[in-house]
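Since the structure comes first, as structure tokens, the remarks are kept for the end.
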Amino acid sequence: MQSQQKLLSTEEARQYLNISRTALNKYVACGDIPVVKFDRRNRFRREDLDAKIERSIRGEGKM
């Protein structure tokens, strides 16, 4: 059985990345950060946020 991963709320994801809600929404809208829709709310997987950080470090996207 796979271990369950915690999905982060928008606020938790925003704090994890240290960005504004507007910036997070922009990344979601352009598909740079995928979301999981759960009960009509956006949830974020930590590994997707870490991937965004890695792409930014490598210069493949702004943070």
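Values in this text are rule-based calculations from the coordinates and carry no lab data. Please read these numbers as outputs of a predicted model, since none were measured by experiment. Using ideal geometry, Cβ is built from the backbone for each residue, glycine included, and neighbour counts are taken over all protein chains shown.
Points worth noting:
- Note on the chain: percent of Cα-Cα distances in each 5 Å bin, starting at 0 and stopping at the bin with the largest distance, equals 4, 18, 30, 27, 13, 6, 3, 0.
- Each Lys and Arg Cβ is given +1 and each Asp and Glu Cβ -1; about its Cα centre, the chain then shows a dipole of about 200 debye.
- Approximate spin-label separation GLU60-GLU47, in nm, with each point projected 7 Å along Cα-to-Cβ: 1.5 nm
- Annotation: extensible slack from CYS30 through ASN18 equals 2.4 nm (criterion: 0.36 nm per residue apart, minus Cα-Cα distance).
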